[in-house]
Amino acid sequence: MSDSADLARSDLARAQEQFARRQRLVRWRGRLPWILGGLALVVGGITVWLFYFSSVFAVAGVKVDGLTTLSEDVVTNIADVPTGEPLARVDLDLIAGRVRTIPSVADVLVARAWPNDVVIHVTEREPVVVVTDGSRWELVDATGKAYRTIDTRPPGLPQAVVSGVRRAVTVRSIVTVSAALPDALRARVISISAASPDSITLNLAAGVKVVWGSADDSPRKAEVLNVLMRRDAKVYDVSAPDLPVTKGEKK
């Protein structure tokens with residue numbers, strides 16, 4: 001009888017212990033979301049501090065690429081990137097806006113390069129014609145913007161010679177034409193003259209002229225002219241590209 005009582009007490013103790021363990025497990029599971037949430041807050045707080053307030057990921061360098069005529073010093077000075085400031089807090093749009101004030105810059109992209117650098121990718125303007133006041137030369141890009149003045153005429157670029165009253169519109173038309181020319185052909189053009197947007201003429205060496213007309217269909221006119229110039233002539237008329245004409249052909 002005593003053995004049976006002892007066995008019963010032992011079974012009861014084991015049952016009580018198992019119940020206690022289950023209770024502790026239930027309480028632990030109930031607390032787990034709070035524990036995990038607290039850990040997440042701690043980790044989040046450390047992450048925010050590391051990226052936004054500490055010097056661990058602060059700006060230490062500036063990299064500039066895409067330059068052809070501009071110097072890196074000019075770009076970095078204008079960009080005025082705040083070195084030492086946490087990289088995550090740097091205003092990339094503000095930096096890009098400052099770089100765009102450089103006349104030779106057509107576009108700019110500013111990005112973070114973790115852990116400690118800012119990268120500035122510059123797209124410079126490319127000249128398609130030059131304009132002169134008789135002493136100095138202005139470079140004009142495909143948008144019609146005059147963005148740089150130099151003392152000597154650069155090789156390979158035609159000069160825009162404009163007369164008439166609608167000068168701004170005429171210059172833009174000349175720019176459209178020049179931008180449509182293949183590089184090899186543009187290098188042969190000495191000047192592009194026009195009294196109006198509809199009377200554009202390309203002037204080549206040895207008195208050869210190309211009657212272009214308006215800037216409409218300039219890519220098509222350039223293609224036609226490329227074929228037409230296989231003939232040796234003094235005048236090439238592509239003002240109506242579907243009906244091109246040559247004059248003064250050598251027999």
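Side notes on the structure shown:
- Cβ-Cβ under 8 Å pairs, at least 6 apart or on other chains, region 55-70 side free of Cβ contacts under 8 Å to residues at least 24 places away in the same chain, far side among the polar types (S, T, N, Q) and assigned to a strand (DSSP E or B): none
- Test: residue in region 135-143 that is more than 16 Å from Val189 (Cβ to Cβ), open to solvent by less than 40 Å² (accessible area, probe 1.4 Å) and touching a residue at least 24 places away in the same chain (Cβ under 8 Å): yes
- Count of region 216-246 residues which are under 10 Å from Val177 (Cα atoms), open to solvent by 20 Å² or more (accessible area, probe 1.4 Å) and in contact (Cβ under 8 Å) with a residue 24 or more places away in the chain: 2
- Within region 119-135, being in contact with a helix residue (DSSP H, G or I) (Cβ under 8 Å, 6 or more places away or on another chain) and closer than 20 Å to Thr68 by Cα holds for Ile120, Val122, Val128, Val129.
- Test: residue in region 54-69 that is open to solvent by 70 Å² or more (accessible area, probe 1.4 Å), out of contact with any Gly (no Cβ under 9 Å at 6 or more places or on another chain) and at pLDDT below 90: yes
- On inspection, Val81 fails the criterion of being part of a strand (DSSP E or B) and either among the hydrophobic types (A, V, I, L, M, F, W, C) or open to solvent by less than 20 Å² (accessible area, probe 1.4 Å) (or both).
- Residue match in region 146-153 (condition: open to solvent by 30 Å² or more (accessible area, probe 1.4 Å) and closer than 21 Å to Ala222 by Cβ): no
- Filtering Ala168, Ala195, Ala113, Ala180 for residues that are open to solvent by less than 70 Å² (accessible area, probe 1.4 Å), closer than 30 Å to Gly84 by Cβ and either in contact (Cβ under 8 Å) with a residue 40 or more places away in the chain or small (Gly, Ala, Ser) (or both) leaves a single hit, Ala113.
- On inspection, Asp73 passes the criterion of being of a type in the set (Asp, Glu), surrounded by fewer than 13 Cβ atoms within 10 Å (Cβ to Cβ) and free of Cβ contacts under 8 Å to residues at least 12 places away in the same chain.
- With respect to (1) under 30 Å from Lys209 (Cβ atoms); (2) open to solvent by 30 Å² or more (accessible area, probe 1.4 Å); (3) part of a loop (DSSP other than H, G, I, E, B), the lone exception for Thr101 is condition (1).
- Those residues of region 117-134 which are open to solvent by 30 Å² or more (accessible area, probe 1.4 Å), modelled with pLDDT under 95 and within 26 Å of the chain's Cα centre (by Cα), in sequence order: Glu126, Pro127
The values are calculated or read from the model by the stated rules, or taken from the named source; none is laboratory data. Since this is a predicted model, take the numbers as computed values, not measurements. Positions of Cβ are backbone-derived with ideal geometry, glycine not excepted, and every protein chain shown enters the neighbour counts. The accessibility values were calculated without ligands, DNA or RNA, using every heavy atom of the protein model including side chains. Shrake-Rupley method; radii C 1.70, N 1.55, O 1.52, S 1.80 Å.
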